[in-house]
Amino acid sequence: MPAPEFTVNTYRYDPYKSFKFRVKWDGRYVAGISKVSGLTRTTQVVTYREGGDPSMVHKSPGQSEYTAITLERAVTHDLDFENWANYVWNYANSGQLGQEVSLQDFRKDIIIELYNEAGQKVIAYNVYRCWVSEFTALPELDASGNAVAIQSIKLENEGWQRDTSVSEPTETKF
C-alpha cells in the first residue's frame, strides 16, 4: 500500500478541490473573486557543448520567470480592481504630460489561500511585488447571451512562495 498523501489526516484519499479559495491584499480579503489562474514558474534552459565532445549537449538552468496571474470576478460596484489598475494608468491624469502613472504603491504583495471542504485553510501562497498589467472593466456584452458580466485583472509578479506556516489541519469527524 502506498504511503499516505496527507500526514495529519492519513485516512484522507481525496486531494483538495479547487473551488474554495480566497485572495487577500492590503491586509483584507477581496470580495467576489471567482477564478484565479495557476501559479506557474518557468526556468529557461541554457545549452552548451564542449569543444572536445561535439556529439554531447549539456543543459543547465538559466533565468526563471513567473507567469502573470489573472483574477476574475463578477462586475459589481466594488472598485478594488479598478483602483489598483488606475495606479499604473489613470485616465484623469492622461492629459497631463508625465502624470499618467503613479509609481507610489502600485505594487502589492497578495496572498492566495486554498481551503478544504470544511472551510479550513490548508495551503497559502505569498505572491510578491504584483502590479496590474491588464484590466478588463467590462466583458463583451451580448443582448442574446445568458451570462454574468466578468471583469478581470492580470497581475505581473516577481515570484511566489508557499507559506509554510500554514499546515495541514486536523479534520473533524462527525
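Which aspartates and glutamates have a Cα lying under 13 Å from the Cα of K59, excluding residues fewer than 8 positions away in the same chain?
E50
For n ≥ 4 DSSP H runs only, could you compute -39500 (n - 2.57) per run for the chain, divide by its residues and tell me the 222 nm figure to the nearest 500?
Result for the chain: -1500 deg cm²/dmol, rounded to the nearest 500.
Could you give the distance between the Cα centres of region 108-128 and region 158-174, to the whole Å?
8 Å
Give me the lysines in straight-line cross-link reach of K17: C-alpha distance below 24 Å, same-chain residues under 8 apart excluded.
Straight-line reach from K17, under 24 Å: K35, K121, K154, K173.
Readers should treat all values here as calculations from the given coordinates under stated rules, not as data from a laboratory. These figures come from a predicted structure and were not determined experimentally.
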